[in-house]
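Novice: Handing you a structure now.
The values are calculated or read from the model by the stated rules, or taken from the named source; none is laboratory data. Since we're looking at a predicted model, the values are computed, not measured. As a convention, Cβ positions derive from the backbone with ideal geometry for all residues, glycine included, and neighbour counts pool all protein chains shown.
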Amino acid sequence: MKKNIFDYTVDELTDIYIKEFNQKKYRAVQTYKWVYQENAEDFYKMSDLPLEFRKNLVENFEMNSLTKEEVRLSPDGTTKFLFKLKDGAAVETVLMKYNFGNSVCVSSQVGCRMKCDFCASSKLSFERNLTSGEIVEQIVAASRHIGEKISNVVFMGIGEPFDNYDNVMRAIRILNEPHGLNIGIRHITVSTSGLVPQILKFADSGLAANLSISLHATTNEVRDKLMPVNKAYKIETLMQACKKYIEKTNRRITFEYALMYGVNDTIRDACRLADLLNGMLCHVNLIPINAIEGGSYTRTPQSVMMNFRDALNNRGITATVRRELGSEIDAACGQLRRQYFE
Ligand code: SAH
């Protein structure tokens, strides 16, 4: 079976080149530049590699584990891709244009095991983890599609990134390679529904990517209902892990809180949230809940949302309301599944 070129860090590729192909060390960097900076889609085009070695690469490596099945452009400039994988599985990826640059929201798994009640991805059965290469290729494909660089990556597509920890960590290293896409580590964000052991592992990983926690409730009773992961890791345990993460990394955590009408949006919730986060280096991102097919949650009215935000701010917790992009094409938070467009 051929290896996916997008699956390897420069160091790993260097190792393979030396051990398996008897090649010089710097060939991996040369390959990286062709793949990620020159957008070469054919090993033969890598003109500074010896011809014989290029043949070896063609025989042993591939660089097309994704095919762009469908692309949809929203009036706000957001693009949603449906990528088909080699085994027939499919994932969605979203490209958002901000004034600070292009941001890609990647999927980390085919389907999701977390089964959050308000999220479209949870309606998918879990099939498998994505490989690091399949994750990286989503960003490469999005960048090639618009012919522009990608400056930010968020692991907020389909799947729970910490349920595919090793492949996600490797993908982050690859995205961050200076000879490759060179995406700044602080421009990469991993979002988790709250897998405590992995949060602690991430704190020790030395990888300074941003961490987002999908919290969405202030009592275990409500969070148990919304997010089954809460049955394994209660809010108190989650908060302890977050505090350890901040202590070890001195990095700010973003808490995602999707406001659902009559479920988690009272001023009492805002006060409880402020108590939970009291003294922590953090920021709260309030998300207006997005409608999903068959979903039972509706949006909190704008004025209630603003009061909620103000209640947090007044208690010293910085909170902002997330700008919404892509909802016209079902590309907003929680709307990703694998939809074939009509
Ligand atoms: N599994 C990870 C990554 C998904 S990120 C996680 O849970 O963090 C997607 C973000 O969108 C999460 O914060 C998720 O809770 C949120 N989300 C899910 N469904 C949503 C919906 N219908 N409306 C708004 N946000 C939603």
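Novice: For the stretch 132-155, which positions are within 16 Å of the ligand (Cβ to nearest atom) and touching a Gly at 6+ places or on another chain (Cβ under 9 Å)?
Specialist: Q138, N152
Novice: Another question about this same structure. Residue by residue through the stretch 110-131, note down the ones that are more than 10 Å from the ligand (Cβ to nearest atom) and among the hydrophobic types (A, V, I, L, M, F, W, C).
Specialist: Taking the stretch 110-131 first, the residues more than 10 Å from the ligand (Cβ to nearest atom) are 110-111, 115, 123-131.
If the condition is that a residue be more than 10 Å from the ligand (Cβ to nearest atom) and among the hydrophobic types (A, V, I, L, M, F, W, C), then V110, L124, F126, L130 are the ones that fit.
Novice: Something else about it: Would you say F21 is surrounded by fewer than 20 Cβ atoms within 10 Å (Cβ to Cβ) and more than 23 Å from R338 (Cα to Cα)? First the steps, then the outcome.
Specialist: Details: surrounded by fewer than 20 Cβ atoms within 10 Å (Cβ to Cβ): yes; more than 23 Å from R338 (Cα to Cα): yes.
Taking the combined requirement at face value, the residue satisfies it.
Novice: Checking the structure you have, find out if any residue of the stretch 310-331 is in the same structural domain as R72 (by TED's automatic domain parsing), in contact (Cβ under 8 Å) with a residue 60 or more places away in the chain and of a type in the set (D, E).
Specialist: The answer is yes, given that some residue of the stretch 310-331 is in the same structural domain as R72 (by TED's automatic domain parsing), in contact (Cβ under 8 Å) with a residue 60 or more places away in the chain and of a type in the set (D, E).
Novice: Would you say K123 is surrounded by fewer than 23 Cβ atoms within 10 Å (Cβ to Cβ), of a type in the set (K, R) and more than 29 Å from E38 (Cβ to Cβ)? Don't jump to the end; show me each part of the working.
Specialist: Values: surrounded by fewer than 23 Cβ atoms within 10 Å (Cβ to Cβ): yes; of a type in the set (K, R): yes; more than 29 Å from E38 (Cβ to Cβ): yes.
In short, yes.
Novice: Does I188 satisfy the criteria of being in the same structural domain as T320 (by TED's automatic domain parsing), more than 24 Å from V304 (Cα to Cα), touching a residue at least 12 places away in the same chain (Cβ under 8 Å) and β-branched (V, I, T)?
Specialist: On the way: in the same structural domain as T320 (by TED's automatic domain parsing): yes; more than 24 Å from V304 (Cα to Cα): yes; touching a residue at least 12 places away in the same chain (Cβ under 8 Å): yes; β-branched (V, I, T): yes.
Here the answer is yes, as I188 does meet what is asked.
Novice: Among A203, A232, which is the only one that is away from the ligand (no atom under 16 Å from the Cβ) and assigned by TED's automatic domain parsing to the domain that holds Y297? Before the answer, list the steps.
Specialist: Details: A232 fails: away from the ligand (no atom under 16 Å from the Cβ).
Going through A203, A232 in turn, the sole match is A203.
Rundown of residues vs (1) under 23 Å from A332 (Cβ atoms); (2) in a strand (DSSP E or B); (3) among the hydrophobic types (A, V, I, L, M, F, W, C), yes/no style:
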| site | (1), (2), (3) |
| --- | --- |
| R268 | no, no, no |
| D275 | no, no, no |
| N285 | yes, yes, no |
| N290 | yes, no, no |
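Novice: Continuing with this model, one more query. Return yes when E256 is under 26 Å from A90 (Cβ atoms), within 16 Å of the ligand (Cβ to nearest atom), touching a His at 6+ places or on another chain (Cβ under 8 Å) and not basic (K, R) and no when it is not.
Specialist: Numbers: under 26 Å from A90 (Cβ atoms): yes; within 16 Å of the ligand (Cβ to nearest atom): yes; touching a His at 6+ places or on another chain (Cβ under 8 Å): yes; not basic (K, R): yes.
Yes; evaluated as a whole, the condition is true for this residue.
Novice: If you don't mind, there's one more thing I want to ask. Which residue pairs have Cβ atoms closer than 7 Å, lie 6 or more positions apart in sequence or on different chains, and pair a first residue in the stretch 50-71 that is over 16 Å from F21 (Cβ atoms) with a second residue that is buried (at least 17 other Cβ atoms within 10 Å of the Cβ) and acidic (D, E)?
Specialist: Pairs that qualify, where the first residue is over 16 Å from F21 (Cβ atoms) and the partner is buried (at least 17 other Cβ atoms within 10 Å of the Cβ) and acidic (D, E), are S65/E134; S65/E137; L66/E134; L66/E137.
Novice: With the structure loaded, tell me whether S107 is under 20 Å from M169 (Cβ atoms), within 16 Å of the ligand (Cβ to nearest atom), of a type in the set (S, T, N, Q) and not in a strand (DSSP E or B) or whether it fails that test. Even if it seems obvious, please write down each step before you answer.
Specialist: Working: under 20 Å from M169 (Cβ atoms): yes; within 16 Å of the ligand (Cβ to nearest atom): yes; of a type in the set (S, T, N, Q): yes; not in a strand (DSSP E or B): yes.
Yes: the conditions hold for S107.
Novice: Can you pull out every residue in the stretch 66-117 that is more than 13 Å from G326 (Cβ to Cβ), among the polar types (S, T, N, Q) and surrounded by fewer than 21 Cβ atoms within 10 Å (Cβ to Cβ)?
Specialist: If the condition is that a residue be more than 13 Å from G326 (Cβ to Cβ), among the polar types (S, T, N, Q) and surrounded by fewer than 21 Cβ atoms within 10 Å (Cβ to Cβ), then T67, N99, N102 are the ones that fit.
Novice: A further question follows. Can you find even one residue in the stretch 231-241 that is surrounded by 15 or more Cβ atoms within 10 Å (Cβ to Cβ), of a type in the set (K, R) and over 22 Å from R315 (Cα atoms)?
Specialist: Yes: the stretch 231-241 contains one or more residues that are surrounded by 15 or more Cβ atoms within 10 Å (Cβ to Cβ), of a type in the set (K, R) and over 22 Å from R315 (Cα atoms).
Novice: Among the residues of the stretch 251-306, write down those that are surrounded by fewer than 19 Cβ atoms within 10 Å (Cβ to Cβ) and charged (D, E, K, R).
Specialist: If the condition is that a residue be surrounded by fewer than 19 Cβ atoms within 10 Å (Cβ to Cβ) and charged (D, E, K, R), then R251, R252, R268, R272, D275, E293, R299 are the ones that fit.
Novice: Ok, one more. Could you list, in sequence order, all residues of the stretch 284-335 that are more than 10 Å from the ligand (Cβ to nearest atom) and polar (S, T, N, Q)?
Specialist: Those that are more than 10 Å from the ligand (Cβ to nearest atom) and polar (S, T, N, Q): S296, T298, T300, Q302, S303, N307, N313, N314, T318, T320.
Novice: Right, another one. L195 fails exactly one of the following numbered conditions: (1) within 11 Å of the ligand (Cβ to nearest atom); (2) within 21 Å of W34 (Cβ to Cβ). What is the number of that condition?
Specialist: Every listed condition holds for L195 apart from (2).
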